[in-house]
Amino acid sequence: MTDAPEREVAEEVSRVAEDIDTMEIRGAATIADAAARALAAQADASEAESPSAFLDELRAAARVLHDTRPTAVSLPNALRYVFRDVRGATVEELRESVRESAAEFCERLDTAQHDLGRVGANRLRDGDTIMTHCHSTDVLACVEGAVEQGKSLSAYAKETRPRNQGHITADALSEMGVDVTLIVDSAARRYLNDVDHVLVGADSIAADGSVINKIGTSGLAVNARDRGTPIVCAAQTIKLHPGTLTGHTVDIEMRDESEVIDPETAEEIGDPEVLNPAFDVTPPRYVDAIVTERGQFPPESIVTLMRELFGESPIQPWEQA
Ligand code: RUB
C-alpha cells in the first residue's frame, strides 16, 4: 500500500480493475493477461505531456490494478514484467515500449501455458481418470496436451463452492472430449480411489513450495495423500511469489459473505457469522510435483527456479509515487 496521490487512470484500466474485483475476469493467468493489456491501454490513452507525467499515470494504473485481488501473484508479476522493459526519452517512445512489453508478456504467457501443458500431459496415461478443483487454465492445458497426444481421459470435476468454477471446468473438459462427472466438494474423498491424478492450479507458489490455490485445495491434497493418489500442481512460473523469498507471506483474500449465503436465508438461521476465504495453503509435503513451462519440480526445489527468475529484490512499481 502507498500514500501516493491518486491520479486519473484510463477508463479501460478502471473497467478491467472492476472486472477483476467482481471476478468477471478471474483465474491467475487470465488476470495477468488482462492486467498487462490494461497497462497498454493506459499508455494508449495517456495525454501526458512529459515522460515523468506519463510514468506517474502508468504507476497509478498499476496501483489500481494491483489493489483488486491480493492472492494471485501473477497480477503483480505481470505489472513488474511490463515496467521492467519500459524505456524512452519521450512520451511516444515510452508509449511504444509499454505496448511492446505488454504484448511480449501476453505472448510469453500463452507460450508458457502451452509448454507447461506438454510437460503435464506426459504424466497422464491413456485411460487415466483425473480429479480437478476450481477452474485452472494451466490444468486444462495439461489435459489438452494429453488429448492431443491421443490419450483418452475421464474426470471428476469438483463443483468448488461457493462460486462453482468447477462448472466452467466441466464444460471445458467435455469440449475436449473428456468424460466428465461433476461432484460436490464433500464427495471428493469418496471417489479418490478411482482417480489416477489430482490436478490443481495455483494462484501463488511460495519459496518453500507451498501451493496457494482455491479454498479446498489443501483438504483435497491431504485426502489424496491419504489415499495414495498423486497430486500435481500445474503452474506457470508467473505464479512464483518472489516476496516469499524474503519472508513475506501470501495474503489470503476474504470475499463477501453473500457468495456463501443470501441475507434472507442467513436471517432464517439466526444470522451466524459467515467466513469466506477464497484461497488456502497446501504445504509442500502434500504435493507430488509442480509442473511449469520449465519442466516439473518437486515442490521443495522450486526456490532455485524462483531465485533464478526473480532475484532477491523484485521491483514494486505500484508503490512508487
Ligand atoms: C481461481 C483458482 C485457479 C488459479 C489458477 O480462483 O484458484 O486454480 O487461479 O488458474 P478464482 P489458472 O476463481 O477465485 O480467481 O491456471 O487459470 O491461472
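The values are calculated or read from the model by the stated rules, or taken from the named source; none is laboratory data. Computed from a predicted model, the values in this text were never measured in an experiment. When we count neighbours, we look across all protein chains shown, and the Cβ atoms used for this are built from the backbone with ideal geometry, even at glycine.
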Residue list for the stretch 205-218, filter: within 24 Å of L153 (Cα to Cα) and more than 13 Å from the ligand (Cβ to nearest atom) | none
Is there a residue being more than 12 Å from the ligand (Cβ to nearest atom), of a type in the set (A, V, I, L, M, F, W, C) and either at pLDDT below 95 or closer than 25 Å to E300 by Cβ (or both) anywhere in the stretch 173-187?
-> no
Scan the stretch 249-281 residue by residue and report those that are of a type in the set (A, V, I, L, M, F, W, C), more than 12 Å from the ligand (Cβ to nearest atom) and in a loop (DSSP other than H, G, I, E, B).
-> V250, V260, I261, I269, V274, L275
Tell me, yes or no, whether the stretch 278-301 has at least one residue that is exposed (fewer than 14 other Cβ atoms within 10 Å of the Cβ), touching a residue at least 40 places away in the same chain (Cβ under 8 Å) and of a type in the set (S, T, Y).
-> yes
Kindly indicate whether any position in the stretch 82-97 is surrounded by fewer than 22 Cβ atoms within 10 Å (Cβ to Cβ), modelled with pLDDT of 95 or more, farther than 23 Å from R255 by Cα and within 16 Å of the ligand (Cβ to nearest atom).
-> no
Which of the residues that make up the stretch 62-108 are within 25 Å of S204 (Cβ to Cβ) and not in a helix (DSSP H, G or I)?
-> D67, T68, R69, P70, T71, A72, V73, D85, V86
Residues of the stretch 22-44 classified as closer than 17 Å to A60 by Cβ and of a type in the set (D, E), total | 1
Out of the stretch 35-66, which residues are among the charged types (D, E, K, R) and free of Cβ contacts under 8 Å to residues at least 24 places away in the same chain?
-> E47
Criterion: without any contact (Cβ under 8 Å) to a residue 60 or more places away in the chain and either within 23 Å of V287 (Cβ to Cβ) or more than 16 Å from the ligand (Cβ to nearest atom) (or both) - qualifying residue of A155, A202 | A155
Top-ranked residue of the stretch 219-240 - restricted to ones that are more than 12 Å from the ligand (Cβ to nearest atom) and not in a helix (DSSP H, G or I), ranked as surrounded by the most Cβ atoms within 10 Å (Cβ to Cβ) = L240
Test result for C106, under 26 Å from L173 (Cβ atoms) and either crowded, with 24+ Cβ neighbours inside 10 Å or free of Cβ contacts under 8 Å to residues at least 12 places away in the same chain (or both) | no
